[in-house]
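The values are calculated or read from the model by the stated rules, or taken from the named source; none is laboratory data. Quick caveat, the model's predicted, so the values are computed rather than measured. For neighbour counting, all protein chains shown are included, and Cβ atoms are generated from backbone atoms with ideal geometry for every residue, glycine included.
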Amino acid sequence: MLFSRQEEEKEKKIKDIHTTKVFGTEDSDSILPKYKLKKKSMDPDLAYRVIKDELLDEGSARLNLATFCQTYMEPAAVKIMSETLEKNAIDKSEYPQTTDLENRCVNMIADLWNAPKDMEFIGTSTVGSSEACMLGGLAMKFSWREWAKTFGLNINAQRPNLVISSGFQVCWEKFCVYWDIDMRLVPLDEEHMSLNMDTILDYVDDYTIGIVAIMGITYTGKYDDVEKLDALVEAHNQKTGHQIPIHVDAASGGMFAPFIHPDLKWDFRLKNVISINTSGHKYGLVYPGVGWVIWKDKKYLPAELIFSVSYLGGDLPTIAINFSRSASQIIGQYFNFLSYGFDGYQEIHQRTREVARYIANELMAIGLFDIYNNGDNIPIVCWKMKADANREWSLYDLADRVRMNGWQVPAYPLPANMTDIIIQRVVIRQDLSMQLAELFINDLKEGIHELDNARVIVYGNAIKDKGTYGFTH
Ligand SMILES: *Cc1c(COP(=O)(O)O)cnc(C)c1O
């Protein structure tokens with residue numbers, strides 16, 4: 001028996017009726033269940049209130065400048081998305097029009113990425129770039145195996161490898177662990193804040209399934225030089241008879257560069273770029289989670305990765321790893337494409353970039369920081385303390401300080417090889433207006449002023465262990 005008689009008596013004692021005010025009810029007065037289901041039901045409106053209230057404690061998404069993920073959509077987009085939550089994206093027979101919207105999105109994105117007219121691109125929506133990268137990586141692994149067999153390579157002599165810069169996003173580490181691939185990291189350094197073209201080919205051998213170029217390195221926002229990479233890879237392939245492909249992880253840049261850097265060649269215009277992924281929920285301007293992966297031609301997607309599903313009625317192919325999920329994000333993506341059009345995306349992204357530039361200039365004017373990225377590539381700004389800044393506080397302290405005004409602006413170390421450099425980063429999204437950006441800069445300056453005038457309290461060895469000191473007034 002779950003409830004003792006005594007408890008049941010107590011439950012009966014206070015009887016809420018329909019006129020009882022929300023905060024007069026017994027349920028509003030109790031701690032919510034955490035470990036097992038409550039015995040009795042709760043009025044749905046009340047459940048709404050108490051859950052909503054509990055979430056009040058979290059930061060404001062709009063002030064979270066740490067994430068690339070969208071925190072604003074037009075009210076009409078929210079309306080259509082909430083009205084289509086029940087649609088299952090995988091159920092292509094029940095929802096043929098939804099499937100058609102997905103296909104239209106794939107067509108439009110393939111066009112943005114300059115898919116060649118004489119090839120037949122193929123693609124799918126995913127939950128996000130992580131799933132999309134997994135598929136891109138798998139296709140390369142399967143294709144490599146076929147190539148290796150015809151080339152007479154002993155595929156069991158060595159683990160296949162994937163080459164990527166050390167500024168990779170964690171999904172690539174997952175891919176390599178899940179599928180038993182050797183991840184070969186090309187280190188970033190002060191002179192090479194994106195994939196190092198001087199050394200890249202040193203990492204490549206017959207067991208290389210592909211090279212991943214990143215359009216918008218998570219840490220710094222820089223683009224890898226994909227055009228240069230393509231030229232290097234082409235020369236290498238010509239020389240060796242190898243067919244090393246390039247997959248571009250354009251999680252953040254894939255829906256940004258086509259509008260802002262249309263002349264930059266990083267996409268299917270390049271011969272060896274065979275597949276690209278992006279996150280619809282980053283600069284595709286949709287709430288999480290939706291992602292996309294497209295292969296330039298069907299031949300780059302091995303047939304083993306295309307599955308036919310008949311048990312939902314009809315017999316339609318599926319590529320995605322995940323099965324059921326709501327189609328509302330796909331519909332949201334189509335809504336944005338329809339409603340913004342090319343010009344709309346361009347205007348939004350241009351304005352976002354201006355805000356990034358404004359923030360970069362203001363930060364530079366403060367005189368304490370070296371700017372690593374001023375929003376020239378994707379609109380993120382990151383900076384470190386100047387070597388001669390001569391301050392007793394660190395960027396971690398500044399992050400804490402602006403948090404008091406609700407801003408989430410993390411400080412973190414750069415990846416392997418550069419971990420002694422601490423940077424701070426803001427990701428500018430469409431909903432950070434110039435007005436909000438000015439407010440942020442004012443709060444940041446105020447934070448610096450307070451830290452400059454604070455008295456340092458040292459608990460233990462502050463120099464050796466940066467985590468053990470604090471500030472007071
Ligand atoms: C965000 C990001 C990912 C992961 O994308 P999700 O859509 O969050 O799964 C992968 N690669 C890069 C470069 C990213 O910026």
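Does at least one position in segment 112-127 carry a residue that is within 24 Å of Ile200 (Cβ to Cβ) and surrounded by fewer than 19 Cβ atoms within 10 Å (Cβ to Cβ)?
Just the residues of segment 112-127 that are within 24 Å of Ile200 (Cβ to Cβ), to begin with: 113-114.
Then keep just the ones that are surrounded by fewer than 19 Cβ atoms within 10 Å (Cβ to Cβ); that gives 114.
Yes: segment 112-127 contains one or more residues that are within 24 Å of Ile200 (Cβ to Cβ) and surrounded by fewer than 19 Cβ atoms within 10 Å (Cβ to Cβ).
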Query raised in the report: Across segment 413-442, what is the total count of residues that are buried (at least 21 other Cβ atoms within 10 Å of the Cβ) and free of Cβ contacts under 8 Å to residues at least 40 places away in the same chain?
Result: 0
Report summary line: Filtering segment 207-221 for residues that are at pLDDT 95 or above and more than 26 Å from Gly341 (Cα to Cα) leaves a count of 7
Report summary line: Among the residues of segment 214-241, the number that are away from the ligand (no atom under 16 Å from the Cβ) and in contact with a strand residue (DSSP E or B) (Cβ under 8 Å, 6 or more places away or on another chain) is 2
**Report entry** Selected residue [closer than 28 Å to Glu58 by Cα, touching a Lys or Arg at 6+ places or on another chain (Cβ under 8 Å), crowded, with 18+ Cβ neighbours inside 10 Å and touching a residue at least 60 places away in the same chain (Cβ under 8 Å)] from Ile380, Ile359
**Finding:** Ile380
Query raised in the report: Restricting attention to segment 286-297, does a residue exist that is in a strand (DSSP E or B), in contact with a Leu (Cβ under 6 Å, 6 or more places away or on another chain) and either assigned by TED's automatic domain parsing to the domain that holds Cys171 or not polar (S, T, N, Q) (or both)?
Result: yes
Requested in this report: Go over the candidates Ile321, Ile306 one by one and state the one that is out of contact with any Gly (no Cβ under 7 Å at 6 or more places or on another chain), within 15 Å of the ligand (Cβ to nearest atom) and either under 16 Å from Thr124 (Cβ atoms) or among the charged types (D, E, K, R) (or both).
Outcome: Ile321
Query raised in the report: If Tyr48 satisfies every condition in (1) part of a helix (DSSP H, G or I); (2) under 24 Å from the mean Cα position of the chain (by Cα) but one, which is the exception?
Result: (2)
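Working only within segment 61-95, note down all residues that are part of a helix (DSSP H, G or I), small (Gly, Ala, Ser) and touching a residue at least 12 places away in the same chain (Cβ under 8 Å).
Residues of segment 61-95 that are part of a helix (DSSP H, G or I), as a first pass: 61-63, 75-82.
Okay, now just the ones that are also small (Gly, Ala, Ser), so 61, 76-77, 82.
Residues satisfying the conditions are Ala76, Ala77, Ser82.
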Requested in this report: Please specify each residue of segment 383-412 satisfying the condition of being in a strand (DSSP E or B) and surrounded by 20 or more Cβ atoms within 10 Å (Cβ to Cβ).
Outcome: Trp383, Met385
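Where residues in segment 163-176 are among the hydrophobic types (A, V, I, L, M, F, W, C) and within 15 Å of the ligand (Cβ to nearest atom), which of them is surrounded by the fewest Cβ atoms within 10 Å (Cβ to Cβ)? So that I can check it myself, show each step before the final result.
From segment 163-176, those among the hydrophobic types (A, V, I, L, M, F, W, C) are 163-164, 168, 170-172, 175-176; that's our starting set.
In the following step, the residues that additionally are within 15 Å of the ligand (Cβ to nearest atom) were identified as 164, 168, 170-172, 175-176.
Values: Ile164: 26, Phe168: 23, Val170: 9, Cys171: 19, Trp172: 23, Phe175: 24, Cys176: 20.
Out of the qualifying residues, it is Val170.
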Query raised in the report: Which of (1) at pLDDT 95 or above; (2) within 16 Å of the ligand (Cβ to nearest atom); (3) not charged (D, E, K, R) is the odd one out, the single condition Thr67 does not satisfy?
Result: (1)
Report summary line: When restricted to Asp224, Asp230, the only residue buried (at least 24 other Cβ atoms within 10 Å of the Cβ), among the charged types (D, E, K, R) and at pLDDT 95 or above is Asp224
Query - Selection status of Ala148, within 16 Å of the ligand (Cβ to nearest atom) and either surrounded by fewer than 19 Cβ atoms within 10 Å (Cβ to Cβ) or of a type in the set (Gly, Ala, Ser) (or both) - result: no
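Here is a list: Pro187, Pro160. Which entry is crowded, with 19+ Cβ neighbours inside 10 Å and away from the ligand (no atom under 16 Å from the Cβ)?
Details: Pro187 fails: crowded, with 19+ Cβ neighbours inside 10 Å.
Criteria check complete, one pass: Pro160.
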Report summary line: Exactly one of Phe256, Phe268 is more than 10 Å from the ligand (Cβ to nearest atom), under 18 Å from the mean Cα position of the chain (by Cα) and crowded, with 21+ Cβ neighbours inside 10 Å, and that one is Phe256
Query raised in the report: Within segment 90-131, how many residues turn out to be over 14 Å from Ile294 (Cβ atoms), in contact with a strand residue (DSSP E or B) (Cβ under 7 Å, 6 or more places away or on another chain) and within 16 Å of the ligand (Cβ to nearest atom)?
Result: 2
Requested in this report: Out of His281, His247, report the one residue that is within 16 Å of the ligand (Cβ to nearest atom), part of a strand (DSSP E or B) and at pLDDT 95 or above.
Outcome: His247
